[in-house]
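Read through the structure below, which is laid out as structure tokens, and then see the notes.
The values are calculated or read from the model by the stated rules, or taken from the named source; none is laboratory data. Everything quoted here is computed from the prediction, not taken from an experiment. Here Cβ is always computed from backbone atoms with ideal geometry, including for glycine, and neighbour counts include all displayed protein chains. Surface areas here come from the heavy atoms of the whole protein model, side chains and all, with no ligands, DNA or RNA. Shrake-Rupley method; radii C 1.70, N 1.55, O 1.52, S 1.80 Å.
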Amino acid sequence: MSQAIVQVKNLNLSYKNIHAVQDVSFSVKPGEILAVIGQNGSGKTSTVECLEGLRKPDSGLIRIFGKDPWLNRRKVYKEMGVQLQEAEYPLKIRVEEQCRLFASFYERPADWNLLLAQLGLSDKRKRPIHKLSGGEKQRLSILLSLMGRPKLLILDELTTGLDPEVRQNMWVSFENIRKSGVAIIMVSHYLDEVEALADKILYLEKGKQQFLGTQQEFRAYVKSQVSRDTWTENLSLEKLYLLIAPKTTGLTMEGIL
């Protein structure tokens, strides 16, 4: 069996009196996609920021390629690509300038001209990044995450702002990337995306790990958590999730009319 690229054991992280991540454990092997799901504030971003070496955990063990990312961020980043939900770029820098800059960080960078073409950005190469649409910026952030030919990809809201056709094409692309042996951790609120791509699901709620396992095991987990009259066979992953996710108050017309 392949050795895990990512190992996390009993991860804990707090911000003053807020327990953002509590006793979270999981692993990811080469060619495996782990989806991290949960409501806003459930600890998803805090967890991946620890993996990226951006935050130091209060306790627990994290190993990426056998190394502690907090102490060895530079070494880990040689083999890890990160796509952020939101990224800030130097003002007025053009798309091709940003690509050339990122390529200079690696000994053997990917062919960014080819990636521009594959992501439909070739005609935007001379455009300042701040003038790109939200979806175009998202595609650029994905391109930059692939520049170092990573063995591990961390994706935060992979297809936010993309139209349906581009989303579908992106799913196919990352399925092919996974088949090449790249491990992927994806944070997503889009459960159709998770259903299309994920081998395993990590479900967090208020910082606590509620579930870790395959999609089939998640189905069995949800079935065990809900009443018999609520359960229906062959539900989509999104409807399964909604059965167990904490309920929120919907918008009412009081005070509007």
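For Glu205, the residues 5 or more places off, or on other chains, whose built amide H falls under 5 Å of its own are Gln210. Please identify which residues in the stretch 104-133 have an amide N closer than 12 Å to a label point set 7 Å out from the Cα of Lys92, following the Cα→Cβ vector. Output list for this probe position: 128. Residues considered: Ile18, Ile64, Ile33. Largest GNM mean-square fluctuation over the chain, using C-alpha springs under 10 Å, is found at Ile18.
Based on Cα contacts under 8 Å between residues 6+ apart, the chain shows a relative contact order of 25 percent.
Panel note: the C-alpha atoms of the stretch 76-117, placed on their principal axes, show extents of 28, 22, 18 Å (largest first).
In a fully extended conformation the segment linking Ser133 and Asn12 would gain 39.9 nm over its present Cα-Cα distance, using 0.36 nm per residue. Taking every alpha-carbon pair under 8 Å whose residues sit at least 6 apart, the stretch 1-109 reaches a relative contact order of 25 percent. Extension gain for Ile244-Trp231 works out to 3.6 nm (0.36 nm per residue, less the C-alpha to C-alpha distance).
Note on the stretch 1-105: Cα Rg divided by 2.2 N^0.38 Å, N the number of residues, gives 1.21. Rolled with a 1.4 Å probe across the full set of protein chains, the surface gives Thr214 an accessible area near 50 Å². In the assembled protein chains, His130 presents an accessible area of approximately 90 Å² (probe radius 1.4 Å).
Could you check how many percent of all C-alpha pairs in the stretch 46-160 are farther apart than 17 Å? Counting every Cα pair in the stretch 46-160, those more than 17 Å apart make up 56 percent.
Modelled spin-label separation between Lys179 and Glu217, with each label point placed 7 Å from Cα along the Cα-to-Cβ direction: 2.6 nm. Computed over protein heavy atoms with a 1.4 Å probe, the accessible surface of the chain works out to 55 Å² per residue. Quantify, in whole percent, the carbon and sulfur part of the accessible surface of the stretch 12-170 (1.4 Å probe; protein heavy atoms only). The nonpolar share, carbon plus sulfur, comes to 48 percent.
Residues whose amide H lies under 5 Å from that of Met186, counting only those 5 or more places away or on a different chain, are Leu34, Ala35, Val36, Leu155; hydrogens are built 1.01 Å from N in the peptide plane. Taking label positions 7 Å along the Cα-Cβ direction at both Gln3 and Leu71, the computed distance is 1.7 nm, reported to one decimal. One quarter of the surface of the convex hull around the alpha-carbon atoms of the stretch 80-221 equals 9.3 nm², the direction-averaged projected area.
Want the number for Trp171 to Lys56: 0.36 nm per residue separation, take away the alpha-carbon distance, what's left? Don't jump to the answer; show the numbers that get you there.
Numbers: separation 115, 0.36 × 115 = 41.40 nm, distance 3.18 nm.
So the extension gain works out to 38.2 nm.
Listed by chain and number, the aspartates and glutamates whose alpha-carbon sits under 18 Å from that of Lys206, ignoring those within fewer than 8 places in the same chain, are Asp23, Glu49, Asp58. For the chain, the average shadow cast by the Cα convex hull is 17.5 nm², which is a quarter of the hull's surface.
Heavy-atom accessible area with a 1.4 Å probe sorts Arg219, Arg108, largest first, into Arg108, Arg219. Working from label points 7 Å from Cα in the Cα-to-Cβ sense, the Glu107 to Glu79 distance is 1.3 nm.
Counting only lysines at least 8 places from Lys179 when in the same chain, those with an alpha carbon closer than 17 Å to its own are Lys29, Lys151, Lys200.
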